[in-house]
1. Condition test on B:LEU139, is it free of Cβ contacts under 8 Å to residues at least 24 places away in the same chain and among the aliphatic types (A, V, I, L, M)?
2. In the set A:VAL135, A:VAL168, A:VAL144, which member is among the hydrophobic types (A, V, I, L, M, F, W, C), part of a helix (DSSP H, G or I) and under 26 Å from A:PRO70 (Cα atoms)?
3. When both residues are 6+ apart or on different chains and their Cβ atoms are under 8 Å apart, which pairs have a first residue that lies in region B:360-372 and is closer than 10 Å to B:PHE285 by Cα, and a second that is surrounded by fewer than 18 Cβ atoms within 10 Å (Cβ to Cβ) and among the small types (Gly, Ala, Ser)?
4. Tell me which residues, restricted to region B:331-373, are over 23 Å from B:VAL260 (Cα atoms) and touching a Gly at 6+ places or on another chain (Cβ under 8 Å).
5. Would you mind telling me which numbered condition in (1) open to solvent by 20 Å² or more (accessible area, probe 1.4 Å); (2) among the small types (Gly, Ala, Ser); (3) away from chain B (no Cβ under 14 Å) A:GLY259 fails?
6. Among residues belonging to region A:103-114 that are at pLDDT 90 or above and within 18 Å of A:LEU68 (Cβ to Cβ), point out the one that is most open to solvent (accessible area, probe 1.4 Å).
7. Regarding B:ILE177, is this residue more than 23 Å from the chain's Cα centre (by Cα) and touching a residue at least 40 places away in the same chain (Cβ under 8 Å)?
2 protein chains.
Amino acid sequence: MAAVKLEIIKKDTRTKARLGRLITPHGVIDTPVFMPVGTQATVKAVSPEELKEIGAKIILSNTYHLFLRPGHNLIEKAGGLHKFMNWDGAILTDSGGFQVFSLGDLRKITEEGVEFRSHLDGSKQFLSPELSMQVQMALGSDIVMAFDECTPYPATHEYAEQSAKRTVRWLKRCKSILTTTERQALFGIVQGGMFEDLRKENAKEVTELDLPGYAIGGLSVGETKEIMYEVLDYTVPLLPEDRPRYLMGVGSPDALIEGVMRGVDMFDCVLPTRIARNGSALTRFGKLVIRNAEFADDFNPVDPTCDCYTCKNYSRAYLRHLLKADEIFGHRLMTIHNLRFLQIVMQEIRQAISEDKLPEYRRRFFADYGYDI
Amino acid sequence: MAAVKLEIIKKDTRTKARLGRLITPHGVIDTPVFMPVGTQATVKAVSPEELKEIGAKIILSNTYHLFLRPGHNLIEKAGGLHKFMNWDGAILTDSGGFQVFSLGDLRKITEEGVEFRSHLDGSKQFLSPELSMQVQMALGSDIVMAFDECTPYPATHEYAEQSAKRTVRWLKRCKSILTTTERQALFGIVQGGMFEDLRKENAKEVTELDLPGYAIGGLSVGETKEIMYEVLDYTVPLLPEDRPRYLMGVGSPDALIEGVMRGVDMFDCVLPTRIARNGSALTRFGKLVIRNAEFADDFNPVDPTCDCYTCKNYSRAYLRHLLKADEIFGHRLMTIHNLRFLQIVMQEIRQAISEDKLPEYRRRFFADYGYDI
């Protein structure tokens, strides 16, 4: 019995969207779902209680960062990541692959794994499929991501092909270490760049391993949204219907809706938390740069339609003041709002699927938000 | 009827400590009390709800900072400082005097007031007794502090005398603007440096104005604690018994206890919040530098005797990780603990007074804390 399982409640008739329940050792999560990112064993600026109040039931944490600091052995000694950070909801950990590949000149890829220099102290480090599994096993995350190469964009067909093939070889090594247990589930990642033939070939090889879930990697890496949607159009149908599908690194409201319509169940992105700390709010009426002078004496809430703690208790003027003064509480209030906003959007998406109104919801949302469709 | 009134419940028999209730337009506060500092309309890193959970019922905010940013007119337009920052407890605002005098070469004192350069943008600014009152009236704080000069240390007798006399002249101008109302109470500040004759003279002139409360200023400015206690020894008895006495800028646990024993009712200090963000925790067993390597794999709470959110849910190892990673949530957790610790100490002090055990409490506290007495 796999640790993580997707129950599909309903399939949309006019789109590829699915309504489901992701069953994990740390709770049942309604899908489609957006997962806030807690890179360093904390979702920046908010508490576990606030995450729950926001409606988050699953978060993502980063193997690369925790491996380097404080170290997975320490977290294992603490009783695992859930206990260490006081979060009893579900946790998905990435593999560290994306981060080490992002290091550019500071890393060297071999068949064995990736040698790299720590961004913290320049020390020589090494990650491999086996080590990534060992780290994630020590962390005790509910969902363990395979150690892959996130193919850069742009890439030649030849590079993308070699990279995707290595990802499959590495996936097999991951699987041999983390045999699916009742505690942790290994998700494979489909690569292949922006090439349909490679995605097809890669998806076939990856899904043959019969894993409890699959991610679509290598998207949201610099390509246009049109290209991303096109890749999703032909890649998602290559994944088995009865397994969760996770689109990595996507979190803008428009891309969430477009992803769901193409059959994606899970998303994560630093966008809502990062732009919050930079002073930008996601609202029903588009992105508001609360730091801007126009909000200096605006005593309305960030989004009058929002039910979050921030919108119920504080004005745009107060938030702008906190942001200008670089006050920690401002980062918290903005983060709470942005995360809650995406939870509301996902909740509305689920509601729309259940009522067979997803295309109508999309049209209305985009009109309010100010997108051209 | 003054806006703020002290009801004395009990006077200690062996010390000058008093147990009381400070009645304000925003709640009744048990005294002796420590007031957390919320410089820029936020107690750094914590929410109003967290302050309440910690047990804080009155906070201090800074006229100088709010005058410069976002401006008192904006806060008045927002409905006052309480509403702006979502705090329905009591607020004491300082006068801005301490901050402008701290600017050194960037300020020029005249009889009229103080010209200074903003620390934010270097712009020319001016504060005077009248302006300080107008700012504090716009903020709507419950307790308004007189615009004084905090006499520097060391200072000559001549300088301290002139400075204290100007403080009295300024106090009279403050009083002529802020006639005590049912909404706001003006507290006078006794200066006079470390000179008994000047403190005596100044206290006489200040208390003749019959204000609802008095502060002892010009302490904790670089002198030894022995000198501070000596000044308190001869200054506190110069203040009327039936009015609250506020020792400005004091917040270390030892000085709180010593101040209470000398008859002080109110304290404020940035110490607990500032050292929290720097990674130091106040505990029953002394100050712990949680950032230190010795706590890397220490899974105990910061202070096992503490009932705060931080100590109930997180380990020293987790806090150290957050602090090393410069995570906002670490600052919050440390701040919650330090503020709660001082609230507990003040609560125990009040309990000890009520049970006629203050000297015994002091001895035990100092022994645990590691002070020589």
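The values are calculated or read from the model by the stated rules, or taken from the named source; none is laboratory data. Because the structure is predicted, anything quoted here is derived from the model rather than measured. Ideal geometry is used to build each Cβ from the backbone, glycine not excepted, and the neighbour counts take in all protein chains shown. To get the accessible areas, we keep the full protein, side chains included, count just its heavy atoms, and leave off ligands, DNA and RNA. Shrake-Rupley method; radii C 1.70, N 1.55, O 1.52, S 1.80 Å.
1. On the way: free of Cβ contacts under 8 Å to residues at least 24 places away in the same chain: no; among the aliphatic types (A, V, I, L, M): yes.
For B:LEU139, the condition - free of Cβ contacts under 8 Å to residues at least 24 places away in the same chain and among the aliphatic types (A, V, I, L, M) - is not met.
2. Sole residue among the options that is among the hydrophobic types (A, V, I, L, M, F, W, C), part of a helix (DSSP H, G or I) and under 26 Å from A:PRO70 (Cα atoms): A:VAL135.
3. B:TYR369/B:GLY286; B:GLY370/B:GLY286
4. Once the filter is applied, which keeps residues that are over 23 Å from B:VAL260 (Cα atoms) and touching a Gly at 6+ places or on another chain (Cβ under 8 Å), region B:331-373 yields only B:MET334.
5. If we test A:GLY259 against (1) open to solvent by 20 Å² or more (accessible area, probe 1.4 Å); (2) among the small types (Gly, Ala, Ser); (3) away from chain B (no Cβ under 14 Å), just (1) comes out false.
6. The first filter runs over region A:103-114 and keeps only residues at pLDDT 90 or above, leaving A:107-114.
Subset that is within 18 Å of A:LEU68 (Cβ to Cβ): A:107-108, A:113-114.
Numbers: A:ARG107: 71, A:LYS108: 120, A:GLY113: 0, A:VAL114: 0 Å².
By that ranking, first place goes to A:LYS108.
7. yes
Per-residue answers, yes or no, for (1) open to solvent by 30 Å² or more (accessible area, probe 1.4 Å); (2) modelled with pLDDT of 95 or more; (3) more than 21 Å from B:LEU22 (Cα to Cα):
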site	(1), (2), (3)
B:ALA160	no, yes, yes
B:ALA164	no, yes, yes
B:THR167	no, yes, yes
B:THR181	yes, no, no
B:LEU186	no, yes, no
B:ASN202	no, yes, yes
B:THR207	yes, yes, no
